[in-house]
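Working notes, structure below.
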Amino acid sequence: MKIKHSIIFTLLSLSIYGQSSLYMPIEFQNAYKNKTRALNGNPGENYWQNSSSYTISAEIEPETWKIRGSEKITYTNNSPDSLTSIIIKTYPNHYKKGMPRANRVPLETLSDGMLITDLTIDNSSVSMDNNPNVKIQSTYIEIQLSNPILPHSSVILNLNWTTQMPSIYVNRIGAYDDNSAFIGYWYPQIARYDDIDGWDRIEYLGIQEFNTDFASFDVKIKVPSGYNVWATGDLLNPKEVLTEEELKRYNKAKKSNEEVTIISGTNSPLKIDGEEIWHYKALNVKDFAFGVSNTFKWISNTVTINGKKVISSVVYDTKYNTPAKRLLEVQEKGLIYASNISPGITYPYNRFTTFIGVPEFDGQEFPMLANNGMGYREIDNTHVTQHELAHTYFPFYAGINEVKYSWMEESWAIYFTIKFIQSYYKNKEEENAELNRNLKAYNKSAGYMWEVPLITPSYLFAYKPSHIQLSYRKPAFMYFTLENMLGEEVFEKCLKTYINRWAGKHPTPYDFMFTFNTVSDQNLNWFWNAWVFKTGYGDLEITKVDFNNSKVIVSNIGGLPLPIKLQLTYKNGSKQHIERTANVWSQSNDLVFIDVDDIKNLTSVKLITNMYPDSDLNNNNLEIKL
């Protein structure tokens, strides 16, 4: 029977996508056999995903940045499997002394990690000490269950825990000073169990990001009076945590397109004696994070997008007052651009906040907010603001596994941001600044041994240059190449269909590729093979002018199918441009022959590569000796 099913699967694959098949690992083959995913790129008729509901009460201690929390998790098993174990991610142990890491962590940020106590599963106590059913790894705990979680049933976990955030900013989170910090990856979280890999047992080493299910969060954060909290989701108790004047400004900002200063910064007034509790709620998001400060400034307005009201905020250290102030306008234009143009899907949440305190030029996305730094140049701050906002669509709206397929989210943020910058700075010097920055960086690093195929799991990229090249730059230029080949209209239709199909779900590279194949009504497997499954880099060469047959011969040295743009110069000084999409490489991996008029009067041929990768510019010109 197994052989029979395998033959049917292979024939079906070939009948839909033609003779050029794609390599598919066994775990993906199994998903298609089980019909959790469909060969046309849709979720399959048996698609499922698990979910969690978190109720968290946490107390934050500024200066030391210790966190004490209690947590109730309702975990729902929607899979057809009986789960005999459950895995709890303990990301703060990344900063525990003695743990393995693939990134630099200053010694002063090391701590005792996360300590979980009083754990119960369906009211049964689970000891964390010397328990053969509890396997404690570096950044996760696996618990063997006495009663499996049956299909379509739930289990309730209750636990208390303590941890400590890094005392300085490091690797996306941490403290900026004694009064301000950004808190991320901070609570015990149920690992993701899916139809491809089962439980996620990948250790968090710092260089990759995260793989989480969609969840709901009801979170109460206790801080000393005078501290403010900006978080994922909706603030449920503004009357209790804002002064009367702040509340008036807050309500005004929710109705006004004009900038409103809700909190002026420097020192926030005490609202009550002792402590205050900020209460946030978020539904169907992949994570929950927040910033804390009693000195940061808070400016806000409401952006109307296709009839939808989105509260846009920028929160920052007042020392950045001049450059940060303009970012509210950048954020507004970015929300509108993303919603109406690229990707052209209305921003899916009701708020977005940029929290600026990172003491270096950096940024990190979270659902509905970003934790960013401030650069010296306006263009840098514009691009990082939009880059992190663009992550709304990937990995959050369409739930990408960032640990395994980081190129499926980082590169889209690069692509969207390049297009936004071109629009925002149209006809200005900075118009192609982001394109040129990424093009230059790609070309500098292209073609080395560590530039492995994109399909390689991202968690294997411990070498940072490899991670940056393969997660950010190379796939971004794959999208631009594909857009040029399909045409903007078809490409946009493919992209929107892909996002809408997988909104609130978890696509893989095959879901992405099969969707584009189906919606474009083209067999693009030759393209995916070259860009995703094989090694290769961008480098075209003008090899020869064939006068006898009136042709210019272009060689593909690097192997990636790329557009060709030639500039022909003639004896009379006139110039002619010839353009071909990457489709010219669909039948040949090595050479393309381009017909040329009036070839006897040709004096030079130049390959124009100002929009696409080209690691060797020395083979782009051919002067013809007369």
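So how far apart, in nm, are the two label points at residue 608 and residue 104 if each is 7 Å from Cα heading toward Cβ?
4.2 nm
Run the Debye formula on the Cα coordinates of the range 540-623, all scatterers equal and no solvent, and tell me log10 I(q)/I(0) at q = 0.13, 0.16 1/Å.
Result of the Debye calculation: -0.37, -0.56.
Sorting check: for 401-407, 273-279, which peptide has the highest mean count of neighbouring beta carbons within 10 Å, and how do the rest follow? All intermediate terms of the calculation are to be shown ahead of the outcome.
Numbers: 401-407: 24.3, 273-279: 15.3.
Highest mean packing first, the order is 401-407, 273-279.
Report the antiparallel proportion of the DSSP beta bridges in the chain as a percent, rounded to a multiple of 5.
Working: 109 of 130 bridges.
About 85 percent, rounded to the nearest 5.
Of all the accessible heavy-atom surface of the range 405-513, with the other protein chains kept in place and a 1.4 Å probe, what percent is carbon and sulfur? Write down the numbers at each step before the final one.
Working: 2010 of 4080 Å².
Taking all protein chains in place, the range 405-513 shows 49 percent carbon and sulfur surface.
Under a cut-off of 18 Å between alpha-carbon atoms, report the aspartates and glutamates in cross-link reach of residue 66, not counting same-chain residues fewer than 8 places apart.
By straight Cα distance, residue 66 reaches 108, 112, 177, 178, 275, 276.
Once the other residues with Cβ under 11 Å from the Cβ of residue 221 are scored (Lys, Arg +1; Asp, Glu -1), what is the net sum? Working shown, then result.
Numbers: positive: 220, 222; negative: 59, 275, 276.
Neighbour charge sum, excluding residue 221 itself: -1.
Lys and Arg at +1, Asp and Glu at -1: add these up for the other residues within a Cβ distance under 13 Å of residue 602 and post the number. Walk me through the intermediate numbers first.
Values: positive: 544, 551, 571, 575, 600, 606, 625; negative: 546, 595, 597, 598, 623.
Once all neighbours under 13 Å are counted, the net charge is +2.
Relative contact order for the range 49-101 using alpha-carbon pairs under 8 Å, separation at least 6, rounded to a whole percent?
Value for the range 49-101: 33 percent.
Pop out the ³J(HN,Hα) list for the range 161-178 in order, Karplus 6.51 cos²θ - 1.76 cosθ + 1.60 with θ = phi - 60°, rounded to Hz; leave Gly and Pro as x.
Here the 3J(HN,Hα) series is 7, 9, 7, 8, 6, x, 6, 9, 5, 7, 6, 5, 9, x, 8, 9, 6, 5 Hz.
Return the sequence-ordered ³J(HN,Hα) values of the range 535-549 in whole Hz as given by the Karplus equation 6.51 cos²θ - 1.76 cosθ + 1.60 applied to θ = phi - 60°, using x for Gly and Pro.
Each residue's phi maps through the Karplus curve to give 6, x, 8, x, 6, 9, 9, 7, 8, 6, 10, 9, 5, 5, 10 Hz.
Can you give the charge dipole size of the chain about its Cα centre, rounded to the nearest 20 debye, using +1 on the beta carbon of Lys and Arg and -1 on the beta carbon of Asp and Glu?
Details: 61 positive and 68 negative charges, 187 e Å.
Approximately 900 debye in magnitude.
Whose amide H sits under 5 Å from the amide H of residue 169, counting only residues 5 or more places off or on another chain, with H placed in the peptide plane?
Long-range HN contacts for residue 169: 175.
Hey, any idea what % of the range 29-68's accessible area is carbon plus sulfur with a 1.4 Å probe?
Values: 620 of 1710 Å².
C and S atoms contribute 36 percent here.
If you count, for each residue, the other Cβ atoms within 10 Å and average over each peptide, how do 425-437, 158-170 line up from highest to lowest?
Details: 425-437: 14.7, 158-170: 20.2.
Output ranking for 425-437, 158-170: 158-170, 425-437.
Which percent of the accessible heavy-atom area of the range 540-623 goes to carbon and sulfur, probe 1.4 angstrom? Could you put the intermediate results ahead of the total?
Working: 1830 of 4300 Å².
Carbon plus sulfur share of accessible area: 43 percent.
Can you pull out the chymotrypsin sites (Phe, Trp or Tyr not before Pro) in the range 14-110 whose DSSP state is coil and whose Cβ has at most 13 other Cβ atoms within 10 Å?
Numbers: sites: 17, 23, 28, 32, 47, 48, 54, 65, 75, 95; in loops: 23, 47, 48, 65.
Passing sites in the range 14-110 are 23.
Please state, as a whole number in µm²/s, the translational diffusion coefficient that the Stokes-Einstein equation yields for the chain at 20 °C and 1.002 mPa s, with Rh defined as the Kirkwood radius across alpha carbon pairs.
Values: Rh = 26.4 Å.
Answer, rounded: 81 µm²/s.
So for each of 220-226, 102-108 I average, over its residues, the number of other beta carbons within 10 Å; can you give me the resulting order with the highest mean first? Please report the intermediate quantities before stating the final value.
Working: 220-226: 18.7, 102-108: 11.7.
Highest mean packing first, the order is 220-226, 102-108.
Given H placed on each backbone N at 1.01 Å, which residues far from residue 228 in sequence or on other chains put an amide H within less than 5 Å of it?
Hits under the 5 Å cutoff: 293, 294.
Can you tell me the accessible area per residue over the chain, all protein chains present, probe 1.4 angstrom, in square angstrom? List each step's numbers first, then the result.
Values: 25930 Å² over 626 residues.
Each residue of the chain exposes 41 Å² on average to a 1.4 Å probe.
In whole angstrom, note down how far apart the Cα centers of the range 346-388 and the range 143-183 are.
So the separation of the two Cα centres works out to 23 Å.
Mean Kyte-Doolittle hydropathy of 0.5 or higher plus an axial Cα length of 20 Å or more: which whole DSSP H helices in the chain meet both?
Helices meeting the criterion: 2-17.
Local charge sum around residue 109 (other residues, Cβ-Cβ under 13 Å, Lys/Arg +1, Asp/Glu -1)? Numbers along the way, then the final one.
Numbers: positive: 96, 97, 101, 104, 172; negative: 108, 112.
Summing Lys/Arg as +1 and Asp/Glu as -1 gives +3.
Can you tell me the mean projection area, over all orientations, of the convex hull of the range 23-155's alpha carbons? Units nm², please. Numbers along the way, then the final one.
Values: hull surface 47.2 nm².
Average of the hull's projected areas for the range 23-155 equals 11.8 nm².
What is the set of long-range amide H partners of residue 111 at a cut-off below 5 Å, with H atoms built 1.01 Å from backbone N?
Residues meeting the amide H criterion: 96, 97.
Got the relative contact order for the chain handy, in percent, Cα pairs under 8 Å and 6 or more residues apart?
Numbers: 1340 pairs, mean separation 68.1, N = 626.
Taking the mean separation of contacting Cα pairs over the length of the chain, I get 11 percent.
Taking all pairs of different Cα atoms in the range 458-540, averaging 1/r and flipping that mean, what Kirkwood radius in angstroms comes out? Please report the intermediate quantities before stating the final value.
Values: mean 1/r = 0.0717 Å⁻¹.
It is 13.9 Å.
Which pairs, out of 551/600; 544/625; 419/534; 35/505; 493/534; 404/440, put more than 18 Å between their alpha-carbon atoms?
Numbers: 551/600 11 Å; 544/625 12 Å; 419/534 27 Å; 35/505 15 Å; 493/534 27 Å; 404/440 26 Å.
Long pairs (Cα-Cα over 18 Å): 419/534; 493/534; 404/440.
The values are calculated or read from the model by the stated rules, or taken from the named source; none is laboratory data. Quick caveat, the model's predicted, so the values are computed rather than measured. Reconstructed Cβ throughout: ideal geometry from the backbone, glycine too, with neighbour counts over all protein chains shown. Surface areas here come from the heavy atoms of the whole protein model, side chains and all, with no ligands, DNA or RNA. Shrake-Rupley method; radii C 1.70, N 1.55, O 1.52, S 1.80 Å.
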